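To start, the structure under review is shown below, and the notes come after it.
The values are calculated or read from the model by the stated rules, or taken from the named source; none is laboratory data. Since this is a predicted model, take the numbers as computed values, not measurements. Neighbour counts run over all protein chains shown; Cβ positions are idealised from the backbone, glycine included. Note: areas computed on protein heavy atoms with side chains; ligands, DNA, RNA excluded. Shrake-Rupley method; radii C 1.70, N 1.55, O 1.52, S 1.80 Å.
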Number of protein chains: 2
Amino acid sequence: MKVRQLTFRLLQVYADVVRTGSITATANRLHLTQPTVSQQLKRLREIVGEPIVRQEDSRVVPTEVGQALYQLSQDLLSRADVFSQYLDEYNRGGRGHFSIGLVNTAQYVLPRLLGPFSQANPQVDVTVEIGNRQQMLNRFERHEDDLYVFSHPPADDAVMAAPFLSNPLVVVGPENSRWANVNDLTMEALKEERFLLREPGSATRHTFDAWLYSAGIELRSTQQIASNEAIRLAVASGMGLAVLSRHVVADSPKGVQELPLQGFPLKSRWHFVVRRERRLPPAAYRFLSFVQGSLAQAFDEPEGELAVAELLQALKTER
Amino acid sequence: MKVRQLTFRLLQVYADVVRTGSITATANRLHLTQPTVSQQLKRLREIVGEPIVRQEDSRVVPTEVGQALYQLSQDLLSRADVFSQYLDEYNRGGRGHFSIGLVNTAQYVLPRLLGPFSQANPQVDVTVEIGNRQQMLNRFERHEDDLYVFSHPPADDAVMAAPFLSNPLVVVGPENSRWANVNDLTMEALKEERFLLREPGSATRHTFDAWLYSAGIELRSTQQIASNEAIRLAVASGMGLAVLSRHVVADSPKGVQELPLQGFPLKSRWHFVVRRERRLPPAAYRFLSFVQGSLAQAFDEPEGELAVAELLQALKTER
DNA sequence: TTACACCATAGATAATCATCTATGACTATA
DNA sequence: TATAGTCATAGATGATTATCTATGGTGTAA
């Protein structure tokens with residue numbers, strides 16, 4: 001058999017001829033003329049190298065080889081069809097895979113979106129990458145993920161970003177901290193305290209540093225710890241104060257409390273970030289749609305909804 | 001996906017690209033130029049309606065959809081390949097089906113050929129049709145079988161026939177028949193006996209009738225029984241004499257014996273008969289080859305071998 | 001026997017395909 | 001920063017394909 005010349009079209013036509021038992025009938029059903037179908041059959045026979053049908057009592061019936069070929073056709077066509085359905089489902093976003101890169105702090109809130117999404121879309125695989133801001137920037141540069149969450153989107157013409165959730169940075173101290181009930185507490189008052197800070201690549205650290213710089217304050221004593229969780233525990237055990245996302249604290253507030261420092265919380269917002277030129281996997285698109293629809297209930301953050309809607313719109317026209 | 005435009009050739013090329021991870025490499029392996037392969041990929045992408053590969057570090061890697069397409073390709077190609085192998089096997093005659101129509105008496109000897117053949121070719125299905133000469137002639141006229149065994153091939157230009165085994169017709173009587181030891185026994189002496197005969201459509205009957213006619217003898221008393229076996233039993237129980245194929249008697253000689261009648265046994269031979277215009281299924285061809293090779297051992301009938309060899313030769317050039 | 005239904009073949013044509021060579025863009029490596 | 005390797009695109013061309021209309025053969029049914 002000359003496999004290379006075999007076409008699915010030929011198999012379709014052939015299968016229909018076997019089903020109807022008539023060349024004319026197939027021609028009508030497929031909106032072709034009778035000679036066209038005759039010739040397709042002839043070509044298929046040449047490809048197979050063997051007679052595949054014969055005339056029998058005004059019916060066209062497959063030969064023994066034709067029978068086997070018919071079964072093959074059915075098989076192949078239905079497999080192609082399954083693939084076609086998979087494609088549709090993939091394009092609808094109900095199936096497939098995407099990866100999302102999260103800056104550390106975002107890991108405290110994203111599960112509240114990803115969880116329900118995965119439940120609603122069990123056929124979608126999501127890979128979640130987590131790292132500090134710098135690590136995520138590197139991944140972003142290397143195009144490693146489909147979607148990112150940053151508090152400060154990278155400055156790049158090629159990015160599209162939509163804020164979706166506020167990320168207030170607060171100062172926390174140990175439970176029953178002596179600063180807890182001070183009125184008009186200022187950073188000036190705290191500058192002698194030891195501050196437990198994330199590593200320089202971190203967004204929280206960066207934001208705080210920028211704020212300190214603009215306020216003209218220099219801290220006396222700092223210690224670097226590369227994990228929000230470790231910082232929280234260290235604060236709870238009295239090692240010092242820290243600046244953390246309020247979401248980190250809200251998630252497991254044991255042993256720490258927010259201090260009512262003036263100028264705090266520092267405002268920042270998480271953004272969904274995608275590359276303009278990257279074709280977003282449909283599943284990721286679907287995730288964003290899902291997020292847009294559930295932001296209101298999940299976080300009571302209606303402005304975010306709008307921004308995400310705009311992002312979706314932009315992505316849609318992009319296609 | 002535009003299934004109708006899908007070609008196995010495209011899948012072959014695509015699968016190779018995925019395997020090698022290089023368009024150039026595939027081009028070399030398939031004896032094409034690089035742009036050709038590039039364009040095949042492009043066309044496949046258009047058929048699928050979705051990017052299927054992307055460049056990654058000087059390698060071509062499939063996208064998510066491409067992965068699925070690759071698996072599909074493998075699957076479809078290997079199925080086509082299995083079919084191709086089936087075809088080869090079919091053409092070699094080692095697989096498939098054929099039907100053979102036997103005249104009644106031949107059923108006593110054909111198993112000795114069909115049995116070993118089936119053992120040697122377990123994938124070949126044989127349908128054996130049995131009937132008297134007239135019934136077989138009808139089947140022959142209607143092209144119902146691939147191969148026939150007649151003692152007298154139908155007079156038809158379109159037939160090819162090869163004798164392969166002698167079929168002596170003998171007169172039998174009951175065991176200890178008073179005729180058994182008579183010297184120079186002639187039919188004249190037996191004309192008062194009751195003869196048990198097959199029905200007029202039967203070949204044995206026909207041959208015997210013709211012989212009687214040419215000898216100018218008319219039987220006094222006959223009885224018609226439509227089965228060799230029943231005739232044999234009737235003879236054994238003393239109902240009369242009969243003319244039967246010696247093979248029938250040899251097969252189960254209980255209660256009957258051959259009578260030494262002058263002019264007997266009547267000579268006749270079985271022939272394999274095929275229609276000239278009919279494309280013989282390869283399995284049937286293989287059966288004939290097999291027969292040719294085993295006639296000598298099975299029956300000690302070397303002339304038959306030659307005739308069958310000629311038939312095979314004729315069939316071969318026919319193709 | 002005639003009429004009809006069904007199929008095959010011939011001949012024509014526009015579209016598509018498979019393929020090539022030439023060239024340009026991009027990327028990693030010497 | 002050359003250089004080589006890898007792809008993509010453009011343009012050309014002969015082959016193949018899909019499709020039609022017209023016509024003729026064959027078998028079935030009225």
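Condition check: modelled with pLDDT of 90 or more, within 10 Å of DNA strand D (Cβ to nearest atom), open to solvent by less than 50 Å² (accessible area, probe 1.4 Å) and more than 27 Å from A:A283 (Cα to Cα). Does B:V13 satisfy that? If you could, list the steps in order and put the result at the bottom.
Values: modelled with pLDDT of 90 or more: yes; within 10 Å of DNA strand D (Cβ to nearest atom): no; open to solvent by less than 50 Å² (accessible area, probe 1.4 Å): yes; more than 27 Å from A:A283 (Cα to Cα): yes.
Here the answer is no, as B:V13 does not meet what is asked.
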Those residues of segment A:186-227 which are part of a helix (DSSP H, G or I) and farther than 16 Å from A:S245 by Cα amount to A:M187, A:E188, A:A189, A:L190, A:L212, A:Y213, A:S214, A:A215
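I want to confirm something. Restricting to segment A:31-78 and keeping residues that are among the charged types (D, E, K, R) and under 22 Å from B:F83 (Cβ atoms), which single residue is farthest from the chain's Cα centre (by Cα)?
Per the stated criteria, the residue is A:R54.
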By my count, strands (runs of 3 or more DSSP E) wholly in segment A:44-120 with at least 3 residues that are within 16 Å of DNA strand C (Cβ to nearest atom) are A:53-56, A:59-62
Return the residues of segment B:91-100 that are in contact with a Phe, Trp or Tyr (Cβ under 9 Å, 6 or more places away or on another chain) and either at positive phi or within 7 Å of chain A (Cβ to nearest Cβ) (or both); say none if nothing qualifies. B:G93, B:G96
Residue count, segment B:8-50, condition within 13 Å of another protein chain (Cβ to nearest Cβ), over 17 Å from B:G66 (Cβ atoms) and out of contact with any helix residue (DSSP H, G or I) (no Cβ under 7 Å at 6 or more places or on another chain), comes to 2
Which one is modelled with the highest pLDDT, of the residues in segment B:126-173 that are part of a loop (DSSP other than H, G, I, E, B) and hydrophobic (A, V, I, L, M, F, W, C)? B:A155
Take the residues in segment A:21-36 that are open to solvent by 80 Å² or more (accessible area, probe 1.4 Å) and within 16 Å of B:R4 (Cα to Cα); name whichever of them is nearest to DNA strand D (Cβ to nearest atom). A:H31
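Okay, residues lined up against (1) touching a helix residue (DSSP H, G or I) at 6+ places or on another chain (Cβ under 6 Å); (2) within 21 Å of A:E64 (Cα to Cα):
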| position | (1), (2) |
| --- | --- |
| B:L261 | no, no |
| B:R279 | no, yes |
| B:D300 | no, no |
| B:G304 | yes, no |
| B:L312 | yes, no |
Return the residues of segment A:280-306 that are touching a strand residue (DSSP E or B) at 6+ places or on another chain (Cβ under 9 Å) and of a type in the set (S, T, Y); say none if nothing qualifies. A:Y285
Please state which of the following conditions B:L44 fails to meet, knowing it meets all the rest: (1) within 16 Å of DNA strand D (Cβ to nearest atom); (2) exposed (fewer than 14 other Cβ atoms within 10 Å of the Cβ). (2)
I'd like the full set of residues that are open to solvent by less than 70 Å² (accessible area, probe 1.4 Å) and over 15 Å from the mean Cα position of the chain (by Cα), limited to segment B:264-278. B:F264, B:P265, B:L266, B:S268, B:W270
One residue from B:D88, B:D81, B:D57 being within 12 Å of another protein chain (Cβ to nearest Cβ), within 16 Å of DNA strand D (Cβ to nearest atom), within 30 Å of B:R9 (Cα to Cα) and open to solvent by 60 Å² or more (accessible area, probe 1.4 Å): B:D57
Give the residues of segment A:3-27 that are more than 9 Å from DNA strand C (Cβ to nearest atom) and in a helix (DSSP H, G or I), sorted by residue number. A:V3, A:F8, A:R9, A:L10, A:L11, A:Q12, A:V13, A:Y14, A:A15, A:D16, A:V18, A:R19
